[in-house]
1. Can you give me the long-range amide H partners of R88? Hydrogens built in the peptide plane at 1.01 Å from N, cutoff under 5 Å, separation of 5 or more residues or another chain.
2. Counting alpha carbon pairs within less than 8 Å and at least 6 residues apart, what relative contact order, in whole percent, applies to the chain?
3. Would you mind checking the tilt of helix 15-27 against the longest principal axis of the Cα atoms of the chain, expressed as 0 to 90 degrees and rounded to 10?
4. How large is the charge dipole for the chain, taken about the Cα centre, if only the Cβ atoms of Lys, Arg (+1) and Asp, Glu (-1) carry charge, to the nearest 20 debye?
5. In Å, what is the Rg of the alpha-carbon atoms in segment 54-208, and how long is Dmax?
6. Tally Lys/Arg at +1 and Asp/Glu at -1 over every other residue whose Cβ is under 14 Å from the Cβ of V84; what's the total?
7. Using the Karplus equation 6.51 cos²θ - 1.76 cosθ + 1.60 (θ = phi - 60°), what ³J(HN,Hα) coupling, rounded to whole Hz, does each residue of segment 137-144 give in order, writing x for Gly and Pro?
8. Within 14 Å, Cβ to Cβ, of A27, how many net charges do the neighbouring residues add up to if Lys/Arg are +1 and Asp/Glu are -1?
Amino acid sequence: MLDRLGHLPGTDLDFPAYSADFDREYAALTGVIWKLERHQTFREPGDPSWEAFMAGDWPRALELNDAERPDVEAQVAAERAQGVETRRVRVVEHPPGPYVQWEMQYLRLLAEAGDRPRVLDAADVRDWEARHGDLPEVLVLAGRLAYLLRYDGGGTPAGCRRIDDPAAVRGTAAEIADLYERAEPLLDYFAREIAPLPPPAPRDTPLD
């Protein structure tokens, strides 16, 4: 199903419309949110830690990330109280690039707060991608609907296609769940692959 999502009927939403739609759906949601993340670089303007990272100030990026811990813990606790659990599969190329090194700092906070993100080596999906192209960026809300996420050429969120077909939504959730079962707990991956890395050199930081 993941190879067909881009060809299925759906409702195309720009980023503000997607954000509003997600907020409406999430307000009454219970169950599992499946998230599949494949791109190796995104832009996150407005995120202070990301902006420090982009400026080449790694210590400040880490400091600002760590300052988010109370909010992250509150977010995860609120999800649990609502009956929601997010299960994220983060596909990572080896060696991890500067953006992934930065993003993993935040995912570590989520994992330490009780969330359960996992990491899947891109080599494990190489055969699939050779046949179908890169895995899509997808969010599935408790088996109710799927968002096929879209980004512009620089990696800035640009909206989505909302897919409501029940069979397509169930199939997509099942395929992401299969990837999740094959993936590694994030904290194990972080300790082995991310923690030993030196700070990304400014010349390695992607340009804005």
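Derivation of every value follows stated rules applied to the coordinates shown; laboratory data play no part. As the structure is a computational prediction, the values presented were derived from the model and not from experiment. All Cβ positions, glycine included, derive from the backbone under ideal geometry; neighbour counts span all protein chains shown.
1. HN-HN under 5 Å from R88: K35, R116, R118.
2. For the chain, the relative contact order is 33 percent.
3. So the inclination is approximately 70 degrees.
4. 420
5. Over segment 54-208's Cα set, Rg and Dmax evaluate to 16.6, 47 Å.
6. +1
7. Ordered by residue, 3J(HN,Hα) equals 8, 9, 10, 10, 9, 6, x, 8 Hz.
8. -2
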